[in-house]
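What follows is a short report on a single structure.
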Amino acid sequence: MIRRVVGTLGLIALGVAGLATGFAQAHTSAPQAAKATTKITVSASEFKFGFSKRSIPATGTVIFTVVNKGKITHDFKINGKKTPNLAPGKSAKLTVKFTKKGHFAYSCTIPGHAAAGMKGTFSVGVKAVTPPPPPSTTTTTAPPPTTTTSTVPVGTGNTKVTVNMVEYAFQLSQSSIPSGQITFIINNKGNEVHNFAILGGKAGAQIAPGTSETWTVSLPPGTYNYQCDVPFHASFGMVGQFTVTP
């Protein structure tokens, strides 16, 4: 009888020990799952994002390394967090904690870029959504404003004009310039890539924020239109006109 009691107590003790071990394992494994971290590379270009992974199998933390492989400024926003504006060739890390399963929208917040295709969904704990191909649409582009010049010979002027570029406008030190050699000193004072292009004439390089370039053109009298060639910037207002006088 005593042996039976001892045996029963032994079995109970083993059962309690097993339960305790199970609870301990569950207790230690849960925080590890919650702390799971995934590293994902995001490539930004005109006008799309490329992902090394478009989903994670469960909730957790994702470190997005966003690289701008395009020719103009981009950024990346998801789940309420955003990278800085990234000039071409630049990169930034964005750490995002996902506490719920589902599809999370991402986009580039530079005006016009999401509408051009820089948007989609990132999946957490659910099947990833394959991005649809861009819609096949036919767009009609209006011809640029005509630049009118006269047949009068180039004058003898030698003028320096400062051009400051911001979002989304040009600031010229003067809009009436004597005919002759005109040197444009072009400064990007904005937060995005811009350029200064004289329609029908010289088109400057697309330069990064905080940089500048200088070039000289010989212009006869006339009315000249200019714009920024970066996609969408002209439609946002980066256009203007100056006059070259005899």
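Would you pick out the residues in region 40-69 that are under 11 Å from the mean Cα position of the chain (by Cα), part of a loop (DSSP other than H, G, I, E, B) and crowded, with 16+ Cβ neighbours inside 10 Å? Steps first, please.
At the first step, the residues of region 40-69 found to be under 11 Å from the mean Cα position of the chain (by Cα) are 42-49, 66-69.
Restricting the remaining residues to those that are part of a loop (DSSP other than H, G, I, E, B) gives 46-47, 69.
Within region 40-69, F47 is the sole residue that qualifies.
When region 108-118 is filtered for residues that are without any contact (Cβ under 8 Å) to a residue 40 or more places away in the chain, open to solvent by 30 Å² or more (accessible area, probe 1.4 Å) and in contact with a strand residue (DSSP E or B) (Cβ under 9 Å, 6 or more places away or on another chain), only T109 remains.
Of the residues in region 70-105, how many are part of a strand (DSSP E or B) and either among the aliphatic types (A, V, I, L, M) or open to solvent by 10 Å² or more (accessible area, probe 1.4 Å) (or both)? Explain how you work it out, then say what you get.
First pass over region 70-105, keeping only residues part of a strand (DSSP E or B): 74, 77-78, 81-82, 86, 91-98, 102-105.
Remaining after also requiring either among the aliphatic types (A, V, I, L, M) or open to solvent by 10 Å² or more (accessible area, probe 1.4 Å) (or both): 77-78, 81-82, 86, 91-97, 102-105.
Residues that pass the stated criteria total 16.
Residues that are among the polar types (S, T, N, Q), within 17 Å of E192 (Cα to Cα), out of contact with any Cys (no Cβ under 8 Å at 6 or more places or on another chain) and modelled with pLDDT under 95 do occur in region 82-90, at least one of them. All told, N68 meets the bar of being under 30 Å from C228 (Cα atoms), at pLDDT 95 or above and not small (G, A, S).
The values are calculated or read from the model by the stated rules, or taken from the named source; none is laboratory data. Because the structure is a prediction, the values reported are computed rather than measured. A quick note on method: Cβ atoms are made from the backbone with ideal geometry, for glycine too, and the neighbour counts reach across all protein chains shown. Just so you know, the surface numbers come from the protein's heavy atoms only, side chains and all, with ligands and any DNA or RNA stripped out. Shrake-Rupley method; radii C 1.70, N 1.55, O 1.52, S 1.80 Å.
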